[in-house]
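The values are calculated or read from the model by the stated rules, or taken from the named source; none is laboratory data. Please read all numbers here as calculations on a predicted model, not as lab measurements. Quick reminder, even Gly has a Cβ in these numbers, built from the backbone with ideal geometry, and neighbours come from all protein chains shown.
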Amino acid sequence: MSRQISGFKPTGRLQLGNYLGAIAPAVQAQYRTDMSIFIADLHAMTVDHDPAQLASKTREVATLLLAAGVDPKHCTFFIQSQVPEHAELHYLLECATSYGEAHRMIQFKEKAATQQQVRLSLLTYPVMMAADILLHDIDEVPVGEDQAQHLELARDVAIRFNSRYGQTFVVPKPVLPAFAARLMDLSDPSAKMGKTNVSSTGVLFLLDPPEVLRRKIMRATTDAGREVRYDPVAQPGVANLLNLMASCVNDSPQVLAGLFSSYAELKEAVADVVIATLRPIQQRYAELAADPAGVAAVLAEGAQRARNRGSDTVRRARAALGLLPV
Ligand code: TYM
């Protein structure tokens, strides 16, 4: 059985790109793989952050993941900082990663450009991500396209560590979703839909009320021309809507394109599908949010399971590096 892991950073409100690109694939995979799903709260501290916001977003993301179908009976579900082995392995891997490798990361350059003071942890972000993955002996990581370069680094570090210090880590590989590997912002189809995009008019948040979702979709930027065709280069706005719908209904964007004779008709249908997809998640979220102690108990149990597994990997890595046993 393959081992998979999926992580979510509590830096903002979860959006449809997170859902279609990573949450839905992880929820499906939990029934056929050995799946771990976690909230990457340590990663949320790599840019300027507000402690109260971090705590409340961590709770919100955890609750929303459960509402979206994460089933703690079928996966290991936990908060990264509650499994201290992540931080310990992070340090050990820093000793097997070069400054140049970390500095080359596109996300580092993009994020660093937005910060007044660049935190050192922003540079070592992908090393922490490698630790998240290698700690749990993961072989497949379902991620959106934006994380592909980080995954490459995790592979490089694992391969180098194994060849220099002896076989210690499983070498992971990325798995990209079929149609929503990179869902784009509805008002700017050249930018990724993201939790922290400056304007939220093109971002569909999982907890947006139905009328807000519909309004954002009806105002989505489409392209010159009127015919509904799946052409990501010439018609990126329409292609993004078709990808989004294809991913929700599990059909192909080319087939869906043939069903609509105008952009307005397509948008109405996309709005219907998105609202229908998110309605049960929103209802379940309201129920779960009323029981924060229940959510915390689920997370505590998950953290214990993750620690049991992770402590073994840390022991292997320490021994390989020449550290004396604890
Ligand atoms: P984060 O929180 O930015 O995103 C969580 C997941 O959602 C995917 N995603 C998207 N997929 C398609 N289209 C989009 N517009 C879109 N936006 C986000 C991301 O690819 C990701 O799979 N560094 C990670 C968190 C992390 C992690 C890990 C993930 C930390 N350690 C180990 C996997 C394994 C991040 O910032 O994800």
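Checking the conditions here, which among Thr33, Thr58 is surrounded by fewer than 23 Cβ atoms within 10 Å (Cβ to Cβ) and over 16 Å from Gln82 (Cα atoms)? Let's see the steps before the verdict.
Numbers: Thr58 fails: over 16 Å from Gln82 (Cα atoms).
Exactly one residue qualifies, and that residue is Thr33.
Going by what's in this entry, would Pro189 be described as outside the structural domain of Ala303 (by TED's automatic domain parsing), buried (at least 19 other Cβ atoms within 10 Å of the Cβ) and modelled with pLDDT under 95?
Numbers: outside the structural domain of Ala303 (by TED's automatic domain parsing): yes; buried (at least 19 other Cβ atoms within 10 Å of the Cβ): yes; modelled with pLDDT under 95: yes.
Spelling it out, Pro189 is indeed outside the structural domain of Ala303 (by TED's automatic domain parsing), buried (at least 19 other Cβ atoms within 10 Å of the Cβ) and modelled with pLDDT under 95.
The selection criterion, being in contact with a Cys (Cβ under 6 Å, 6 or more places away or on another chain), farther than 25 Å from Lys216 by Cβ and either modelled with pLDDT of 95 or more or aromatic (Phe, Trp, Tyr) (or both), holds for Ile37. The numbered conditions (1) modelled with pLDDT under 95; (2) assigned to a helix (DSSP H, G or I); (3) more than 18 Å from Thr11 (Cα to Cα); (4) not acidic (Asp, Glu) are all true for Lys111 except (3).
Given the structure, is Ala290 buried (at least 21 other Cβ atoms within 10 Å of the Cβ), of a type in the set (A, V, I, L, M, F, W, C) and over 21 Å from Ala224 (Cβ atoms)? Considered against the rule, which asks whether it is buried (at least 21 other Cβ atoms within 10 Å of the Cβ), of a type in the set (A, V, I, L, M, F, W, C) and over 21 Å from Ala224 (Cβ atoms), Ala290 comes out as no. Selection of strands (runs of 3 or more DSSP E) fully inside the range 1-87 by the criterion of at least 2 residues being of a type in the set (Gly, Ala, Ser), touching a strand residue (DSSP E or B) at 6+ places or on another chain (Cβ under 6 Å) and within 14 Å of the ligand (Cβ to nearest atom) returns 3-8. Filter the range 217-236 down to the residues that are buried (at least 21 other Cβ atoms within 10 Å of the Cβ) and either under 24 Å from the mean Cα position of the chain (by Cα) or outside any loop (DSSP other than H, G, I, E, B) (or both) and list them by number. The answer is Ile217, Ala220. Comparison of Arg215, Arg229 shows that the only residue that is in the same structural domain as Ile281 (by TED's automatic domain parsing) and over 27 Å from Ile23 (Cβ atoms) is Arg229.
How about the range 215-236: which of its residues are touching a strand residue (DSSP E or B) at 6+ places or on another chain (Cβ under 8 Å) and hydroxyl-bearing (Ser, Thr, Tyr)?
Step one: list which residues in the range 215-236 are touching a strand residue (DSSP E or B) at 6+ places or on another chain (Cβ under 8 Å), which gives 221, 236.
Residue satisfying the conditions is Thr221 alone.
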